[in-house]
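One structure below.
The values are calculated or read from the model by the stated rules, or taken from the named source; none is laboratory data. If you're wondering where the values come from, they're calculated on a predicted model, not measured in any experiment. Glycine gets a Cβ as well: all are built from the backbone with ideal geometry, and neighbour counts include every protein chain shown. Just the protein is used for accessible areas: all its heavy atoms, side chains included, with ligands, DNA and RNA removed. Shrake-Rupley method; radii C 1.70, N 1.55, O 1.52, S 1.80 Å.
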Amino acid sequence: RRAGGAAPPPPPSRRAVVLEDLRSKGHVVANGGRYGGDYVCYEGHPDSCHSSETVRVVGEHERLEAADVAAYCRVQGNVSKRAVFAAVDPASRDVLYVGWAFDAQLSRDPLKRLERRFARKIQDDSKASVEAAAGDGLGPEDCARLTVAQLREALEARGLDATGLKAALQVRLYDALTAMDTS
């Protein structure tokens with residue numbers, strides 16, 4: 001007890017320590033609840049710039065599951081923010097930051113690109129109906145409903161490469177069927 005019988009004030013919470021640290025580094029800090037974090041950080045005034053980071057304060061013994069980290073990072077990437085975890089050393093009150101930045105180049109999944117390309121082509125040519133030289137009666141609109149085995153069979157019948165995942169096979173068969181369209 002202090003002189004006069006007053007108890008010492010409780011130590012500041014982890015969140016308060018992180019907030020103070022972020023502000024001391026020059027960040028303008030706001031509530032990050034809508035982005036799944038504790039704080040969002042701005043390089044300048046929120047009216048003049050986009051927030052660059054979302055900070056989530058984690059406990060000393062908190063276990064972070066890979067799926068939770070991935071989900072948090074994905075959300076931050078979708079809103080163009082850096083995902084940051086902040087931990088406070090209970091003895092020294094120092095803050096350790098670990099962050100991941102969204103990289104648009106790395107997020108371009110080749111299969112997703114193929115799927116989007118295929119979907120656009122199907123949409124553009126949904127009315128097209130071209131019979132293949134193999135005589136199987138397939139048209140471009142049929143590519144989406146075929147199984148992998150059927151796609152491979154149709155590609156092999158045309159002398160085309162029949163290896164790869166379904167999205168790649170669909171695009172390859174669709175390209176072959178629409179290339180034959182002479183109307």
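The requirement of being at pLDDT 85 or above and of a type in the set (Asp, Glu) is not satisfied by GLU62. Note on the range 37-59: residues that are assigned to a loop (DSSP other than H, G, I, E, B), under 18 Å from GLN76 (Cα atoms) and either among the charged types (D, E, K, R) or open to solvent by less than 50 Å² (accessible area, probe 1.4 Å) (or both) amount to 6. For beta carbons closer than 6 Å, sequence separation of 6+ or different chains, a first residue in the range 70-91 that is at pLDDT below 85 and a second that is among the polar types (S, T, N, Q) and open to solvent by 70 Å² or more (accessible area, probe 1.4 Å), there are no qualifying pairs. When residues in the range 65-92 are screened for being under 19 Å from LEU22 (Cα atoms) and among the hydroxyl-bearing types (Ser, Thr, Tyr), 1 of them pass.
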